[in-house]
Amino acid sequence: MKILVTGATGGLGRLIIPELLKHGHRVIATSRSIDRAKSLTFFDQVEYFPYDICSKENIDLFTYFGKPDSVIHLAWDKLNDYYSSSHLSELLECHKEFIFNLIRNGLKDLNCAGTCYEYGLREGELNEAMVSDPVLPYSKAKNLLREYIDTLKPNYNFSMKWIRIFFVFGEIYGRENLYTHLLKAISKKEKVFNMSGGEQIRDFLTPEQVAEIFVSIATQIRVQDIINCCSGKPVKLRDFINNFLKEHKLEIDLNLGYYPYLKYEPMALWGSVVKLRQVLENNKNN
């Protein structure tokens, strides 16, 4: 397949493009900065087209990108600031126009990165049939984009997979998370690591697992619409961190309760993997 990947120089793009190449797909990559793209190890293995999604250029983007068979849409700005009003006031409209341009000019398969935060403050196992109830500007904008894409379906013939990524434990370029803060404290030989109470129940994947699952979902069309990208294995956060430290023979004391729990996260959430298992089973049988 010839697959266009937006956000090619971002954290997910740097993981997903090598996974696509490993499976023999022809990759068209795009991002705002060709200079940054040239620094990537896979640059010579892809076709690169620079493009700023908010540029509002009046061109046929489907043709500009070489009429790809499929698009993996990863691009999104301000991912270290979920509260930024620009998610709703600026970015949402840019992405709506970008995707509409591709679809109206001939795109037949679209795959978008979503987020588990679209479920809002619901507790327990979260499945794709649940009504979305996001509370953050970032997750509200993502969910509104998904709803907008759904309105295009009656008038245009295309398949769509909205891939809701849950919690990632590992290094993703350009992103700060629990993993990066923990490793930074260990590298500085700090005696304690300040964190929340650690009673949250979460659902973790490594960045590499996210890339594998994302590509598995994106390169099939039998299972569509919202699909959770998760492990389906609930675990208490402090137990998960302690197991990680033990497994990697790392030593640092956890200062539990130093930070308050985040208001936009419920105490216990993990993803249903029923639809994901259908994807993986179908792929295995093909």
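Projecting label points 7 angstrom from Cα along Cα→Cβ for residue 41 and residue 176 puts them 2.7 nm apart.
Using DSSP, restrict attention to beta bridges with both residues in the chain and report what percent are antiparallel, rounded to the nearest 5. Antiparallel: roughly 5 percent of the beta bridges in the chain. Helix 137-152 and the longest principal axis of the C-alpha atoms of the chain enclose an angle of approximately 30°.
How far is helix 237-247 tilted off the main Cα axis of the chain, in degrees rounded to 10, range 0 to 90? That helix lies at roughly 80 degrees to the long axis.
Compute the Rg/Rh shape ratio of the chain: radius of gyration over Kirkwood radius, all on alpha-carbon atoms. My calculation puts Rg/Rh at 0.97. Helix 92-104 and the long axis of the chain differ in direction by around 40°, with both axes built from C-alpha atoms. Across all Cα atoms of segment 77-209, the radius of gyration (one decimal) and Dmax (whole number) stand at 17.6, 60 Å. Inter-part distance, segment 46-97 to segment 215-286, computed on C-alpha centroids, equals 27 Å. Between the residues 141, 49, 88, the greatest Cα displacement towards the positive end of the dipole of the chain, with unit charges on the Cβ of Lys, Arg, Asp and Glu, is found for 49.
Any read-out appearing in this document is the output of simple, stated calculations on the displayed coordinates, not a laboratory observation. The shown structure was predicted, so the numbers you read here are calculated from the model rather than taken from an experiment. No Cβ is skipped: glycine too gets one built from the backbone with ideal geometry, and neighbour counts run over all protein chains shown.
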